[in-house]
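Q: Just dropping this structure here.
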Amino acid sequence: MPECQNCGSFVTEQYVRVFTPETYESAGPRVCPNCEDKLRDGADVREARSSRQ
């Protein structure tokens, strides 16, 4: 089963096909919707910003 490289959560095969770059497909996605500390930003991954000021 594919898992997120960041948090280890299960992700579907469809999620892997859509959101994982071809060079990373065997390793799984770098970040998923369950990740609280990182976000997808276009083709990159970035740290999540805190909503606190």
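The values are calculated or read from the model by the stated rules, or taken from the named source; none is laboratory data. Just so it is clear, the model here is predicted, and its values are computed rather than measured. Every residue, glycine among them, receives a Cβ derived from its backbone with ideal geometry; neighbour counts consider all protein chains shown. Areas reflect the complete protein model, heavy atoms only, side chains present, ligands, DNA and RNA absent. Shrake-Rupley method; radii C 1.70, N 1.55, O 1.52, S 1.80 Å.
Q: Which of the numbered conditions does Cys35 fail, given that it passes all the others? Conditions: (1) modelled with pLDDT of 75 or more; (2) closer than 14 Å to Pro2 by Cα.
A: Only one criterion is unmet by Cys35, namely (2).
Q: With in contact with a Cys (Cβ under 8 Å, 6 or more places away or on another chain) and at pLDDT 85 or above as the only criterion, which of Val16, Val11 stands out?
A: Exactly one residue qualifies, and that residue is Val11.
Q: Just need a number here: residues in the range 4-43 that are touching a Ser or Thr at 6+ places or on another chain (Cβ under 7 Å) and open to solvent by 100 Å² or more (accessible area, probe 1.4 Å).
A: Qualifying residue count, the range 4-43: 0.
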